[in-house]
Amino acid sequence: MSGSPSPDALVVGAGIVGAACAWELARAGVRVSVLEAGLPGGGATAAGMGHVVVLDDNEPEFRLAKLSHELWSALAPELPAGAEFTRPGTLWVAADGEELDAAARRAAAYDSRGVAAELLDARQLAEAEPELRDGLAGGLLVRDDAVVYPPCVVPWLLDGARRAGAQVDAGRRVAAIEGRAVRCADGGRREAAWVVLATGAWAPELVPGLPVRRRKGHLVVTDRYPGFVRHQLVELGYLKSAHGTGSESVAFNVQPRPSGQLLVGSSRQLGVDDDAIDHRLLSRMLRRALEYLPGLARRHALRAWTGFRAATPDGQPLIGPWPGHDGLLLATGHEGLGITTAFGTAWLVADMVLGRPSPLPREPYLPARLAGSAP
Amino acid sequence: MSAIATVDCDVLVVGAGPAGLAAAGAAARAGAGVVVLDDNAGPGGQIWRGAGAGVAAPDARAAAPWLDALEHPRVQPLAGARLFAQPAPGLALAETPAGPLAVRHVRAVLCPGARELFLPFPGWTLPGVAGAGGLSALVKSGTPVAGQRVVVAGSGPLLFAVARELKRHGARVLLIAEQAPRGRVARFAAGLWRWPAKLADALAHRAALAGVPYRTGSWPVEALGGEALAAVRVSDGRRVREIPCDRLACGFGLVPNAEPARLFGCAIAAGGAVATGARQETSVPGVFAAGEAAGIAGLEAALAEGAIAGLAAAGAGEIPAGPRRARERARAFGAAIARAFALRDDLRALARPETVVCRCEDVTRGALADQPGWRAAKLHTRCGMGPCQGRVCGPAAEFLFGWGAESVRPPAFPVRLESLAAAGEVPPGGTEGP
Ligand SMILES: Cc1cc2nc3c(=O)[nH]c(=O)nc-3n(C[C@H](O)[C@H](O)[C@H](O)COP(=O)(O)OP(=O)(O)OC[C@H]3O[C@@H](n4cnc5c(N)ncnc54)[C@H](O)[C@@H]3O)c2cc1C
Ligand SMILES: Cc1cc2nc3c(=O)[nH]c(=O)nc-3n(C[C@H](O)[C@H](O)[C@H](O)COP(=O)(O)OP(=O)(O)OC[C@H]3O[C@@H](n4cnc5c(N)ncnc54)[C@H](O)[C@@H]3O)c2cc1C
């Protein structure tokens with residue numbers, strides 16, 4: 001044996017982010033142990049829509065989403081059938097002239113940065129999506145945006161990590177992080193050079209004071225209506241809802257699943273900790289969807305559920321060290337974009353563990369930017 | 001803001017089967033204003049459905065006095081109305097053909113009955129294979145079976161009722177295959193004298209089914225056929241017999257419909273029934289449960305429990321001894337049935353790896369075998385995620401793998417999006433505690 005031993009890492013939490021980190025680290029030769037309290041992929045990852053979307057509200061968001069989208073695309077041929085990776089594209093719907101102007105600006109910006117996007121006028125929009133109501137102004141079509149079924153991606157990533165030597169412990173809750181070690185709820189203790197905290201919206205439970213808040217969301221799934229919509233349909237106002245800081249908002253966001261089912265979203269709510277359906281907000285959310293797709297009214301909803309996004313004060317994820325905690329790397333705070341950005345996040349985490357340079361600037365995501373800010 | 005139809009009442013009764021009818025009648029006579037919801041076109045529940053509509057149901061005479069409850073001036077029956085959400089205490093949402101309906105109530109009595117347990121075996125999805133009670137309901141509503149060869153298989157006294165119904169409509173019942181061993185069935189029959197009404201039923205069934213072979217310790221292992229059912233293979237543990245037939249009616253006992261109670265937040269007891277106390281109260285104040293949803297014990301138990309729950313929900317003080325005694329006797333019968341017709345382990349081995357367990361989503365036993373539990377199975381295989389929401393495959397998977405059921409989220413049944421949207425737009429009404 002020569003040289004220093006390969007680094008090792010404990011990944012806490014096996015949602016899509018923790019699973020991607022474990023997979024990336026294990027394949028890079030790091031000895032990885034994953035500790036997951038419940039069912040891998042059973043947290044926010046099971047509640048999300050699985051829209052792999054290159055959001056472009058600001059530069060750091062765009063860079064991480066674009067890198068991640070490329071990683072998803074590269075992986076697509078290997079994914080299991082259950083991952084249901086498809087590319088319906090995103091159709092951002094403009095309700096009026098003002099929104100259409102904004103769409104035109106975004107089309108130009110996407111185009112200049114190598115993302116295929118085209119502007120649709122009212123007629124083209126109606127042709128692309130006949131179920132949309134009359135009187136809409138047009139749309140912005142981002143062709144390569146994808147859709148996945150994340151709960152089936154997580155076990156696949158963990159299997160890959162296992163094949164590269166990782167150990168996966170499902171059903172083991174971490175009770176505390178103690179320097180370069182964790183103490184489990186069952187009393188066991190594990191040490192490692194690095195602790196990667198990927199417990200999503202639950203991250204502050206293990207690192208008190210972390211500026212992460214739970215942002216609750218509702219989703220509804222319908223029976224099968226193949227062809228009812230063809231693209232992921234999102235109102236242009238969605239970014240306002242997603243990035244706004246108000247305590248409550250809804251936006252029209254509908255996704256066709258390969259099964260023919262539709263996922264109907266979305267809602268955002270701060271300061272609510274219980275996961276029960278909030279009928280008042282659910283109604284607002286559905287009314288918004290019915291405004292755009294009146295024909296949905298008589299279609300059948302099978303089920304509704306909620307999930308918690310991990311929201312940060314500035315809307316960027318927390319990827320990297322947390323001041324005052326040696327050996328701790330955060331991988332949380334992905335709000336409504338963590339399915340998309342899981343692979344970019346994992347890449348950055350692996351770079352940090354291995355001391356490699358990264359393909360994009362890390363600063364916007366470094367948690368230190370928020371040290372001292374209240375959660 | 002409430003754009004949707006709204007009704008107010010003291011007592012909401014969910015289900016117009018025997019338990020719900022008894023509850024509605026008792027509550028109304030005690031002075032309460034009652035709304036009765038049932039998702040079928042007519043009242044009567046599983047046994048008396050059709051009895052009110054002039055259909056020549058054999059039980060019409062027994063049903064009549066109970067159906068009278070719906071004529072009481074303080075009772076408002078709403079047919080074709082299915083409870084799907086409880087947005088707030090005292091507020092229930094139902095879907096009706098005319099659109100969503102809000103029922104504001106002070107107390108609720110949940111009587112949604114039970115459904116059949118259907119176990120997967122190779123070929124069970126072939127056309128021609130059906131649930132025993134389901135087929136009997138179809139026949140009652142006009143599906144022709146005259147001259148057809150039918151095998152009835154599964155477990156419990158329900159098989160007789162179904163066979164009899166089929167025979168009455170001209171079917172040739174070739175065999176009733178009961179999985180329970182002969183000894184247990186014989187002991188059960190020998191104890192029937194304790195429930196004279198049940199003994200009379202049994203004798204009547206026996207007379208009506210004269211000439212139909214009844215074989216204990218026998219169960220279906222495979223349904224054969226290409227496009228449709230051609231034959232069934234029945235095993236007695238030693239030998240397998242192949243019986244050509246046109247239909248196979250299967251039922252392996254009943255499972256409580258606990259969804260409405262889960263929606264209301266009521267605790268569920270071991271075995272899947274709604275947990276209830278002496279006054280049929282659930283763990284949620286002001287919410288009562290009665291009938292098969294609160295434990296599988298048959299018609300008499302449903303009637304007695306319904307009457308008790310109706311009185312309690314109407315605020316009556318003492319519960320009379322009559323219904324309390326009837327309930328105890330009937331429950332003893334339910335316990336005797338559960339003992340006699342407990343399912344044998346052989347049935348867990350019938351489904352092969354390629355046998356479909358979840359029909360909506362086409363999930364096989366093989367795909368489920370590696371899953372650690374129901375939630376993982378749902379997430380990773382989509383089992384139970386289709387339109388039936390696990391109502392068929394859930395209990396089957398519970399039997400096969402020992403998984404516990406999951407919590408119920410609104411909508412408890414598939415509903416139109418506009419109905420779900422309406423659920424958050426009605427101001428809650430009655431808020432009084434018990
Ligand atoms: C309604 C909704 C819709 C969404 N739609 C999209 C979308 O379309 N596209 C998109 O990109 N993103 C979407 N998101 C966001 C996305 O789902 C999340 O960003 C992503 O799933 C976060 O993954 P995660 O691994 O960080 O968290 P999680 O999936 O929540 O994983 C955290 C894991 O940590 C475990 N854990 C917690 N505490 C402990 C402990 N003490 N010890 C051990 N383990 C622990 C949990 O059990 C859990 O499995 C949506 C989110 C919601 C709520
Ligand atoms: C398929 C089947 C067939 C049966 N056949 C016979 C038989 O032939 N002979 C016999 O003696 N016993 C039979 N039984 C047993 C019989 O059900 C009980 O003995 C007795 O009828 C139970 O009465 P109940 O009121 O508890 O339930 P049920 O009679 O089942 O009545 C419950 C009612 O509630 C309705 N309901 C359920 N959920 C909702 C909702 N969310 N919203 C609105 N309404 C709802 C149901 O549609 C039903 O009409 C059968 C049971 C089943 C499941």
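The values are calculated or read from the model by the stated rules, or taken from the named source; none is laboratory data. Treat the numbers as computed from the prediction; the structure is a model and nothing was measured. Every residue, glycine among them, receives a Cβ derived from its backbone with ideal geometry; neighbour counts consider all protein chains shown.
Counting only strands (runs of 3 or more DSSP E) that fall entirely inside the stretch A:83-191 and contain at least 2 residues that are away from ligand 2 (no atom under 16 Å from the Cβ) and within 14 Å of chain B (Cβ to nearest Cβ), the qualifying elements are A:167-170. Are any of the residues in the stretch A:196-219 within 14 Å of chain B (Cβ to nearest Cβ), away from ligand 1 (no atom under 12 Å from the Cβ) and part of a strand (DSSP E or B)? Checked the stretch A:196-219: no residue is within 14 Å of chain B (Cβ to nearest Cβ), away from ligand 1 (no atom under 12 Å from the Cβ) and part of a strand (DSSP E or B). On the basis of being more than 24 Å from the chain's Cα centre (by Cα) and either of a type in the set (Lys, Arg) or closer than 30 Å to B:GLY390 by Cα (or both), does B:ARG187 make the cut? Here the answer is yes, as B:ARG187 does meet what is asked.
When B:PRO414, B:PRO427, B:PRO372 are checked against the criterion of being within 14 Å of another protein chain (Cβ to nearest Cβ) and touching a residue at least 60 places away in the same chain (Cβ under 8 Å), a single residue qualifies: B:PRO427. Filtering B:ALA231, B:ALA186, B:ALA200 for residues that are surrounded by 17 or more Cβ atoms within 10 Å (Cβ to Cβ) and small (Gly, Ala, Ser) leaves a single hit, B:ALA231. Taking the stated definitions as given, is A:ASP186 over 18 Å from the mean Cα position of the chain (by Cα) and either more than 30 Å from B:PRO410 (Cβ to Cβ) or of a type in the set (A, V, I, L, M) (or both)? Yes, satisfied. Modelled with pLDDT under 95 and more than 16 Å from ligand 1 (Cβ to nearest atom): is that true of B:PHE84 in this structure? Against the criterion (modelled with pLDDT under 95 and more than 16 Å from ligand 1 (Cβ to nearest atom)), B:PHE84 does not qualify.
Six or more apart or on different chains, Cβ under 9 Å: which pairs go from a residue in the stretch B:321-346 that's surrounded by fewer than 16 Cβ atoms within 10 Å (Cβ to Cβ) to one that's outside any loop (DSSP other than H, G, I, E, B) and polar (S, T, N, Q)? Could you list them? These pairs meet every condition: B:ASP346/B:SER235.
The residues on offer are B:ALA108, B:ALA62, and the sole one that is without any contact (Cβ under 8 Å) to a residue 40 or more places away in the chain, closer than 24 Å to B:ALA24 by Cβ and not assigned by TED's automatic domain parsing to the domain that holds B:PRO244 is B:ALA62. Residues in the stretch A:297-317 that are among the polar types (S, T, N, Q) and within 14 Å of chain B (Cβ to nearest Cβ): 1 in all. Comparison of A:GLY315, A:GLY327, A:GLY320, A:GLY295 shows that the only residue that is surrounded by fewer than 23 Cβ atoms within 10 Å (Cβ to Cβ), among the small types (Gly, Ala, Ser) and within 17 Å of the chain's Cα centre (by Cα) is A:GLY315. Exactly one residue out of A:LEU67, A:LEU10 is more than 11 Å from ligand 1 (Cβ to nearest atom), more than 30 Å from A:ALA126 (Cα to Cα) and either buried (at least 24 other Cβ atoms within 10 Å of the Cβ) or not hydroxyl-bearing (Ser, Thr, Tyr) (or both), and it is A:LEU67. Applying a threshold of 6 Å to beta carbon distances and a minimum spacing of six or more residues, or different chains, the list of pairs starting in the stretch B:231-258 at a residue that is within 14 Å of chain A (Cβ to nearest Cβ) and ending at one that is more than 16 Å from ligand 2 (Cβ to nearest atom) is empty.
Taking the stretch A:330-353 as the range and being of a type outside the set (Gly, Ala, Ser) and either within 14 Å of chain B (Cβ to nearest Cβ) or near ligand 1 (Cβ under 8 Å from one of its atoms) (or both) as the test, the residues that pass are A:THR332, A:HIS334, A:GLU335, A:LEU337, A:ILE339, A:THR340, A:THR341.
Number of residues in the stretch B:75-94 that are more than 10 Å from chain A (Cβ to nearest Cβ) and within 11 Å of ligand 2 (Cβ to nearest atom): the value is 8. Within the set A:GLY295, A:GLY327, A:GLY260, the sole residue that is small (Gly, Ala, Ser), touching a residue at least 24 places away in the same chain (Cβ under 8 Å), in contact with a Pro (Cβ under 8 Å, 6 or more places away or on another chain) and away from ligand 1 (no atom under 16 Å from the Cβ) turns out to be A:GLY260. For the criterion of being within 14 Å of ligand 2 (Cβ to nearest atom) and either modelled with pLDDT under 95 or in contact with a strand residue (DSSP E or B) (Cβ under 7 Å, 6 or more places away or on another chain) (or both), B:ALA273 passes.
Among the residues in the stretch A:292-301, are any touching a helix residue (DSSP H, G or I) at 6+ places or on another chain (Cβ under 7 Å) and closer than 23 Å to A:THR86 by Cα? Checking the stretch A:292-301: at least one residue is touching a helix residue (DSSP H, G or I) at 6+ places or on another chain (Cβ under 7 Å) and closer than 23 Å to A:THR86 by Cα. Flag: A:LEU290 does not match the condition of being in contact (Cβ under 8 Å) with a residue 12 or more places away in the chain, among the aliphatic types (A, V, I, L, M), facing chain B (nearest Cβ under 8 Å) and closer than 20 Å to B:PRO411 by Cα.
More than 27 Å from B:ALA293 (Cβ to Cβ) and within 14 Å of chain A (Cβ to nearest Cβ): does that describe B:THR364?
yes
Listed by first and then second residue, the pairs linking a residue in the stretch A:36-47 that is within 7 Å of chain B (Cβ to nearest Cβ) and under 19 Å from A:PHE343 (Cβ atoms) to a residue that is near ligand 1 (Cβ under 6 Å from one of its atoms) and assigned to a loop (DSSP other than H, G, I, E, B), with Cβ atoms under 7 Å apart and 6 or more places separating them unless they lie on different chains, are A:GLY41/A:ALA14; A:GLY41/A:GLY15.
Counting residues in the stretch A:114-132 that are out of contact with any strand residue (DSSP E or B) (no Cβ under 6 Å at 6 or more places or on another chain) and farther than 25 Å from A:TYR292 by Cβ gives one or more.
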